[in-house]
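These notes are about the structure you will find just below.
The values are calculated or read from the model by the stated rules, or taken from the named source; none is laboratory data. Keep in mind that this is a model prediction, so the values were computed, not measured. Don't worry about glycine lacking a Cβ; one is built from the backbone with ideal geometry, like all the others, and counts go over all protein chains shown. Note: accessible area is taken over every heavy atom of the protein model, side chains too, but ligands, DNA and RNA are not part of it. Shrake-Rupley method; radii C 1.70, N 1.55, O 1.52, S 1.80 Å.
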Amino acid sequence: MADRVTVIGWDGSPLTAAARAALGAATLVAGTAHHLALPEVPPGAERVRLGSVALAARRIAAHRGTAVVFADGDPGFFGVVRTLRAPEYGLEVEVVPAVSSVAAAFARAGMPWDDAQVVVAHRRTLRRAVNVCRAHTKVAVLTSPGAGPAELGLLLDGVHRTFVICEELGTEREQVSVVTSDKAADHTWRDPNVVIVIGGPVGPAGAGEGGGWIAGRDPGTGPRGWVQPDESYGGGPGGGLGEGETELLRAAQLARLGPRVGDLVWDIGCGSGAFAAEAARAGAAVIAVDRDPGACARTEGAARRFGVQLQVVHGSAPHVLENLPEPDVVRVGGGGAAVVSAVADRRPQRIVTHAATRDAAELIGRDLTEHGYRVECALLQSVALDTRAWTETERNVAFLLSGVVPDRAP
């Protein structure tokens, strides 16, 4: 096993005294081509081209001597330190940090970044990274080949964002470009790069705030509660909420779907926008669909009121669903069994809907079962009481149905 492993972060600045001392004693140096070309690398040291960090870690573990591993930026921030410290390698690691590529990118843009989301986009995580960009107004994306600015722009179709693209930070070829998301695919971008994705309206819930108190998304923004009173969306007696939008039913639907950061939620038949806004408040990306222009306008208004990002699509399901990106979870608020069946064809992890009668519930349940979903159904009844006289003021009854793909249940 290597006697000592030092991980050196490199941001293009001259090496620190600690980094030079560790490098001068190294008998093995691992890094990318531009790291290994640094003049401070000892000529007699074994050189390992860093591709797979796991393979390099095995080489280092078998090495007799002192090893140095180079990494761009801060190696403890989405970097090689996590892999090198894995128990199977048994390596004792010292770290000489540098400015992270995310911090450098925001510095080039002249922007604060304590309120930014930071995601890593690989081929396997690209869709989830895009969903974060849909849901939040400031996101830094650490890209990779095949999951770069062009792919981000293509998958953000229908959502306008501004990209600040920082290529090869810290090198002589460093370049910073600003383009709109719809133009990102028109260019070829050099790796490595960091993309700052900014844009989207900010409503009253996020307006007028000073400095934050927590990095990333502030979980305390907006009113308390997973769901808000019907009156917040024009509900109540004579209000504008549909039969499937009552407060307690929305709470049950949210509980069954469990939308979270990185998810894409479809809300089909969005009505007042109540469920869509509340799913977005959970940090998920939301596409709200309705055939009624008034419902689309109300949903956009709800998003502004609660300061959340969502995309509203005007059209009739199931036809309008064909060109939408793949969802993780779906609420079907209108359209009945035909829409539920079309949604099930897309295989989201979870589907939730409601029915007014047992016959309708059985029809939907059979269809979900035939699509391979594990189905649960509950009859929900809520009775609103006037607590001054303890008399009934409103009664709602609905069958709540949910379908979960068994092998994707978590």
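What the table below lists for this structure:
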read-out	value
Those residues of region 1-45 which are open to solvent by 70 Å² or more (accessible area, probe 1.4 Å) and in a strand (DSSP E or B), in sequence order	Arg4
Subset of region 159-198 [closer than 27 Å to Asn323 by Cα and among the small types (Gly, Ala, Ser)]	Ser181, Ala184, Ala185
Extreme residue, farthest from Trp226 (Cα to Cα), among residues of region 278-302 that are assigned to a helix (DSSP H, G or I) and touching a strand residue (DSSP E or B) at 6+ places or on another chain (Cβ under 8 Å)	Pro293
Residues of region 60-77 satisfying the condition of being of a type in the set (Val, Ile, Thr) and part of a helix (DSSP H, G or I)	Ile60
Filtered residue count, region 60-69, keeping only those that are more than 18 Å from His35 (Cα to Cα) and surrounded by 14 or more Cβ atoms within 10 Å (Cβ to Cβ)	3
Selection count where residues are surrounded by fewer than 22 Cβ atoms within 10 Å (Cβ to Cβ) and in a loop (DSSP other than H, G, I, E, B), scope region 303-333	8
Among the residues listed as Ala255, Ala280, Ala274, the single one being of a type in the set (Gly, Ala, Ser), open to solvent by less than 30 Å² (accessible area, probe 1.4 Å), at pLDDT 95 or above and over 19 Å from Pro325 (Cα atoms)	Ala274
Restricting region 364-403 to residues that are of a type in the set (S, T, N, Q) and open to solvent by less than 60 Å² (accessible area, probe 1.4 Å), the residue that is farthest from Leu248 (Cα to Cα)	Ser402
Qualifying residue in region 378-394 (condition: assigned to a strand (DSSP E or B), touching a residue at least 60 places away in the same chain (Cβ under 8 Å) and within 18 Å of Ala284 (Cβ to Cβ))	no
Some residue of region 219-238 being modelled with pLDDT of 85 or more, of a type outside the set (S, T, N, Q), open to solvent by 70 Å² or more (accessible area, probe 1.4 Å) and out of contact with any helix residue (DSSP H, G or I) (no Cβ under 6 Å at 6 or more places or on another chain)	yes
